[in-house]
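Novice: Please read through the structure below; I'll follow up with questions.
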Amino acid sequence: MTLASATPSLADLRVDGARLWQSLMDLARIGGTEKGGVCRLALTDLDRQGRDLFVNWAMEAGCEVRVDAIGNIFARRPGRNNSLPAVMTGSHIDTQPTGGKFDGNYGVLAGLEVLRTLNDAGVQTDAPLELAVWTNEEGSRFVPVMMGSGVYAGAFTLEHALSQQDRDGVSVREALCGIGYDGAAAVPPAQPDGVGAYFEAHIEQGPVLEAADTVIGVVTAALGQRWYDVVLTGVEAHAGPTPMPLRRDALLAASELVLAVNQIALAHAPNARGTVGWMDVFPNSRNVIPGRVRLTVDLRAADDATLSAMDAALRAAAEAAAAARGVTAQVDQVVYFPPQPFAPALVDSVREGAKALSMSALDVVSGAGHDAVYLARVAPAAMIFVPCKDGISHNEIEDARPEHLEAGCNVLLRAMLAQAGVAA
Ligand code: HGY
Ligand code: MN
Ligand code: MN
């Protein structure tokens with residue numbers, strides 16, 4: 001039976017927005033900050049506490065829970081025919097250091113609310129449903145970004161991910177074992193056997209929906225990204241006796257590179273993005289000419305050719321800044337994925353769901369990366385955006401309206417049921 005032919009009660013099925021909001025607030029207390037944000041870095045004890053809370057909720061909802069070797073959690077709700085590929089949803093619960101309550105957490109808890117709603121209504125789907133919590137989506141403590149979904153989809157190997165280290169030299173393997181989420185479930189081959197469709201609900205994290213006074217973002221694609229670690233090496237020297245022409249000032253070169261990153265993005269307006277988000281100056285003493293600067297670069301674009309052009313421009317800019325200042329530049333790319341279109345049929349089901357629920361909707365391209373970007377390599381995937389206040393995210397003041405979160409969750413419910421079918 002499909003949703004369209006289902007009894008009117010099923011077509012009128014709605015999630016419990018208050019329960020969704022309460023779950024978000026309960027989870028937000030784990031790593032909650034004074035400013036009302038959340039700091040729950042990947043594979044820390046706070047991440048463990050959040051994972052444990054989710055697993056308890058999923059088991060209370062009657063799900064079978066398994067954890068794979070990179071720590072991805074899968075809560076499975078059996079259907080009538082469990083030989084069918086699962087209809088999956090999910091997101092992440094790791095956050096930025098100054099993250100918010102909703103980035104990632106909303107997608108996980110919206111999926112949980114769908115399962116709870118189906119339980120309350122006694123609805124059995126034809127296909128099984130799966131709710132995933134993906135490891136280290138943020139890429140703040142460990143790169144690559146979207147690590148758990150990337151391993152799951154075969155974007156990089158399990159060993160590559162487990163061997164990555166944070167800035168304190170702690171490996172993913174050590175941290176994962178440290179929180180007890182080095183799961184026994186095998187990470188599936190690049191083509192996981194059991195995913196028929198993947199949906200991810202997420203706040204937009206930008207200003208488009210709010211500016212258009214629109215509730216549902218129908219996400220057609222996501223920008224491609226290239227991330228780099230850059231090291232500029234000069235010579236530490238005394239800030240007083242060293243004449244200006246004789247200096248090999250790494251911070252001067254770094255400053256020129258930061259401006260160049262901005263110019264490279266502006267040269268490919270309006271969709272390109274360029275950001276230097278982290279910098280380490282050595283020895284970082286007020287009367288020593290910096291001898292070494294490490295910094296990160298994040299480049300994004302809507303098409304792969306532009307992303308390649310930006311890559312070339314960045315490398316040229318690093319060489320030019322280094323040569324001009326008598327320093328050396330080392331540019332290492334640590335993340336690359338091309339722009340990712342989502343599955344037209346699933347994108348249509350999001351658009352149709354919004355229409356059936358009389359919600360305003362707008363096609364948007366995601367400037368942020370999401371686990372759906374990698375899931376789209378192994379299954380048809382689509383995303384559902386809802387607005388966030390002032391378009392602000394990756395900030396402790398991140399906020400969203402309960403009615404928008406509820407609306408997005410109702411669209412998720414309909415889209416998942418349309419794919420999973422409902423047992424007669
Ligand atoms: O960086 C991103 O786009 C995401 O927040 N990981
Ligand atoms: Mn996110
Ligand atoms: Mn994020």
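Novice: Search the range 161-172 for residues that are touching a residue at least 24 places away in the same chain (Cβ under 8 Å) and assigned by TED's automatic domain parsing to the domain that holds Asn72 and pair each with any residue that is in a helix (DSSP H, G or I) and among the β-branched types (Val, Ile, Thr) when their beta-carbon atoms are under 7 Å apart and the residues are at least 6 apart or on different chains.
Specialist: Short answer, once both residue conditions are applied: Ala161/Val151; Ala161/Val172; Leu162/Val172.
Novice: Could you count how many residues in the range 342-380 are of a type outside the set (S, T, N, Q) and either outside the structural domain of Tyr106 (by TED's automatic domain parsing) or within 16 Å of ligand 1 (Cβ to nearest atom) (or both)? Explain how you work it out, then say what you get.
Specialist: Our first condition is that a residue be of a type outside the set (S, T, N, Q); within the range 342-380, this holds for 342-348, 350-357, 359, 361-365, 367-380.
Restricting the remaining residues to those that are either outside the structural domain of Tyr106 (by TED's automatic domain parsing) or within 16 Å of ligand 1 (Cβ to nearest atom) (or both) gives 342, 364-365, 367-376.
Of the residues in that region, 13 qualify.
Novice: Given the criterion within 16 Å of ligand 3 (Cβ to nearest atom) and touching a residue at least 12 places away in the same chain (Cβ under 8 Å), identify the matching residue among Ser360, Ser349, Ser393.
Specialist: Matching residue, one of Ser360, Ser349, Ser393: Ser393.
Novice: Could you please tell me which pairs satisfy a Cβ distance under 7 Å, a separation of 6+ or placement on different chains, a first residue in the range 86-100 that is within 9 Å of Leu41 (Cα to Cα), and a second residue that is part of a strand (DSSP E or B) and within 11 Å of ligand 1 (Cβ to nearest atom)?
Specialist: Pairs that qualify, where the first residue is within 9 Å of Leu41 (Cα to Cα) and the partner is part of a strand (DSSP E or B) and within 11 Å of ligand 1 (Cβ to nearest atom): there are none.
Novice: I'd like the full set of residues that are loosely packed, with under 15 Cβ neighbours inside 10 Å and in contact with an Asp or Glu (Cβ under 8 Å, 6 or more places away or on another chain), limited to the range 259-301.
Specialist: Gly277, Pro283
Novice: Right, next: Looking only at the range 170-213, filter to residues that are more than 18 Å from the chain's Cα centre (by Cα) and among the polar types (S, T, N, Q); which one of those is modelled with the lowest pLDDT?
Specialist: Within the range 170-213, the match that is modelled with the lowest pLDDT is Gln191.
Novice: When the range 353-383 is examined, which residues are found to be of a type in the set (Gly, Ala, Ser), within 16 Å of ligand 2 (Cβ to nearest atom) and assigned to a loop (DSSP other than H, G, I, E, B)?
Specialist: If the condition is that a residue be of a type in the set (Gly, Ala, Ser), within 16 Å of ligand 2 (Cβ to nearest atom) and assigned to a loop (DSSP other than H, G, I, E, B), then Gly367, Ala368, Gly369, Ala376 are the ones that fit.
Novice: Can you find a residue that is within 16 Å of ligand 1 (Cβ to nearest atom), surrounded by 24 or more Cβ atoms within 10 Å (Cβ to Cβ), of a type in the set (Ser, Thr, Tyr) and within 22 Å of Asp371 (Cα to Cα) anywhere in the range 73-90?
Specialist: Looking through the range 73-90, none of the residues is within 16 Å of ligand 1 (Cβ to nearest atom), surrounded by 24 or more Cβ atoms within 10 Å (Cβ to Cβ), of a type in the set (Ser, Thr, Tyr) and within 22 Å of Asp371 (Cα to Cα).
Novice: Working carefully through the options Val114, Val108, find the one that is in contact (Cβ under 8 Å) with a residue 40 or more places away in the chain, surrounded by 24 or more Cβ atoms within 10 Å (Cβ to Cβ), away from ligand 2 (no atom under 16 Å from the Cβ) and not assigned by TED's automatic domain parsing to the domain that holds Thr275.
Specialist: Criteria check complete, one pass: Val114.
Novice: While we're on this one: Just checking, does the range 243-258 include any residue being among the acidic types (Asp, Glu) and away from ligand 1 (no atom under 16 Å from the Cβ)? Walk me through how you get there before you give the answer.
Specialist: Of the range 243-258, the ones among the acidic types (Asp, Glu) are 249, 256.
Next, only the ones that are away from ligand 1 (no atom under 16 Å from the Cβ) stay: 249, 256.
Yes; the residues of the range 243-258 include at least one that is among the acidic types (Asp, Glu) and away from ligand 1 (no atom under 16 Å from the Cβ).
Novice: Tell me, which residue of the range 203-222 that is away from ligand 3 (no atom under 16 Å from the Cβ) and assigned to a strand (DSSP E or B) is nearest to Ala368 (Cα to Cα)?
Specialist: Across the range 203-222, the extreme among qualifying residues is Ala221.
Novice: Just one of Val350, Val386 is more than 16 Å from ligand 2 (Cβ to nearest atom), of a type outside the set (Phe, Trp, Tyr) and within 15 Å of Thr89 (Cβ to Cβ); which is it?
Specialist: Matching residue, one of Val350, Val386: Val350.
Novice: OK, next. Would you please name the residue that is nearest to Ile384 (Cα to Cα), looking only at residues in the range 232-257 that are crowded, with 18+ Cβ neighbours inside 10 Å and of a type in the set (A, V, I, L, M, F, W, C)?
Specialist: Per the criteria, the residue is Leu257.
Novice: While we're here: Can you tell me which residues in the range 287-313 are within 17 Å of Phe337 (Cβ to Cβ) and part of a helix (DSSP H, G or I)?
Specialist: Answer for the range 287-313, where residues must be within 17 Å of Phe337 (Cβ to Cβ) and part of a helix (DSSP H, G or I): Asp304, Ala305, Thr306, Leu307, Ser308, Ala309, Met310, Asp311.
Novice: Turning to a different aspect of this structure: Conditions first: (1) crowded, with 22+ Cβ neighbours inside 10 Å; (2) of a type outside the set (Asp, Glu); (3) more than 26 Å from Val378 (Cα to Cα); (4) away from ligand 2 (no atom under 16 Å from the Cβ). Gln96 passes all but one, so which condition is the exception?
Specialist: (4)
The values are calculated or read from the model by the stated rules, or taken from the named source; none is laboratory data. Predicted model, so just to flag it, every value in this text is computed and none were measured. No Cβ is skipped: glycine too gets one built from the backbone with ideal geometry, and neighbour counts run over all protein chains shown.
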